Amino acid sequence: MGSLTQMEKQLKAISDANRLKLLACLKRGEVCVCDLVDVLQVSQPAVSQQLRKLKEAGIILERKKGTWKHYRLNEKQSPYIQAVLDALEPITLQQCGSTCTSNEGDN
C-alpha cells in the first residue's frame, strides 16, 4: 500500500501547471528560489510553497546556501514521473546572479 500512497502523492504534486513549470526550470540543473519567482510571477513565499509540495513528494531536492534555498531534480525518479519530466520542454531562466550567491557559507 505504501507504493500506492507515494504514487498518489507524486501524481498530485505534478498535477498543477505552476509546479510543472518549476520542474521544467529544474531540468537544466540546480536553481535558486529567487530565480523562480519571475517564472511564476508570484511572491517568493508562494513559489516556496509550490516547491515544498514537490520536495515532500520526493521529486526535487533542496540545498540551503546562506539565506537562500536551491532546488534540483532528484536523480532517482519513478518511471511515471520520469516520463512526465522527459515530456517537459526545459525553461531557460535569467539567474539573479550575485543576489543569492553572495551570501556566505553553505548549510
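Values quoted throughout were computed directly from the atomic coordinates according to the rules given, and no laboratory measurement underlies them. Fair warning: this is a prediction, and the values are worked out from it, not measured in the lab. Virtual Cβ from ideal backbone geometry, glycine too; neighbours counted across all protein chains shown.
GluC sites (Glu not before Pro), restricted to the range 24-98: which are DSSP loop and have at most 15 other Cβ atoms within 10 Å?
Those satisfying the criteria are 30, 75.
Work out the length of the dipole vector of the chain about its Cα centre, built from +1 on the beta-carbon of each Lys and Arg and -1 on the beta-carbon of each Asp and Glu, and round it to the nearest 20 debye.
200
Over the range 2-89, what is the relative contact order in whole percent, taking alpha-carbon pairs under 8 Å and six or more residues apart?
So the answer I get is 33 percent.
Looking at [x] 63, 37, 19; [y] 51, 33, 24; [z] 44, 27, 23, which value of Cα extents along the principal axes in Å comes from a calculation on the structure shown?
[z]
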